[in-house]
């Protein structure tokens with residue numbers, strides 16, 4: 001890793017990769033993993049029945065997390081600059097932070113998810129969003145170039 005790399009954005013990217021791998025584990029290992037991570041009994045039962053819905057939803061989450069990781073690495077200068085990096089990092093930080101603080105309003109929409117799931121996942125989202133926000137602020141002037 002380049003010594004000039006933004007450690008906050010690199011850490012945010014690594015957190016996204018770890019989260020993506022945990023979601024892949026749910027797809028691969030099935031209902032027990034969905035239950036362990038608090039995704040709700042309905043998702044676990046659908047996975048047990050071999051329905052495609054849990055795998056599709058979880059795959060979309062994996063894809064989004066990996067895109068976030070790529071933008072984090074791009075913003076940190078570890079990989080080539082991606083299109084709209086500056087905008088993407090602001091949006092990513094905002095979404096993670098919004099998800100972290102809005103869980104109370106989301107709980108009624110997903111009653112199968114456990115309170116433990118909401119508290120832990122919201123804390124993780126706030127942490128990752130904070131990393132993206134701090135890292136983006138630190139890189140702001142570098143990201144403002146014509147390729148940002």
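The values are calculated or read from the model by the stated rules, or taken from the named source; none is laboratory data. All of these numbers come straight from a predicted model, not from anything done at the bench. Quick reminder, even Gly has a Cβ in these numbers, built from the backbone with ideal geometry, and neighbours come from all protein chains shown.
Answer with yes or no whether residue 21 is under 30 Å from residue 141 (Cβ atoms), modelled with pLDDT of 95 or more and within 18 Å of the chain's Cα centre (by Cα). No: the conditions fail for residue 21. Remark: residue 37 falls outside the filter, which requires a residue to be within 12 Å of the chain's Cα centre (by Cα) and in contact (Cβ under 8 Å) with a residue 12 or more places away in the chain. Considering only the range 40-60, state which residues are in contact (Cβ under 8 Å) with a residue 40 or more places away in the chain and in contact with a helix residue (DSSP H, G or I) (Cβ under 8 Å, 6 or more places away or on another chain). Within the range 40-60, 40, 41, 43 qualify. All conditions in (1) touching a helix residue (DSSP H, G or I) at 6+ places or on another chain (Cβ under 9 Å); (2) without any contact (Cβ under 8 Å) to a residue 60 or more places away in the chain hold for residue 8, with the sole exception of (2).
Selection of the range 107-122 for residues being surrounded by 13 or more Cβ atoms within 10 Å (Cβ to Cβ) and at pLDDT 90 or above yields 107, 118, 120, 121, 122.
Tell me, which residue of the range 1-18 that is surrounded by fewer than 16 Cβ atoms within 10 Å (Cβ to Cβ) and in a loop (DSSP other than H, G, I, E, B) is modelled with the lowest pLDDT? If we take residues in the range 1-18 being surrounded by fewer than 16 Cβ atoms within 10 Å (Cβ to Cβ) and in a loop (DSSP other than H, G, I, E, B), then 1 is modelled with the lowest pLDDT. When the residues of the range 123-139 are filtered to those that are free of Cβ contacts under 8 Å to residues at least 40 places away in the same chain and surrounded by fewer than 18 Cβ atoms within 10 Å (Cβ to Cβ), the one that is farthest from residue 35 (Cα to Cα) is 137.
Of the residues making up the range 60-80, those that are crowded, with 16+ Cβ neighbours inside 10 Å and more than 12 Å from the chain's Cα centre (by Cα) are 73, 74, 75, 76, 77, 78.
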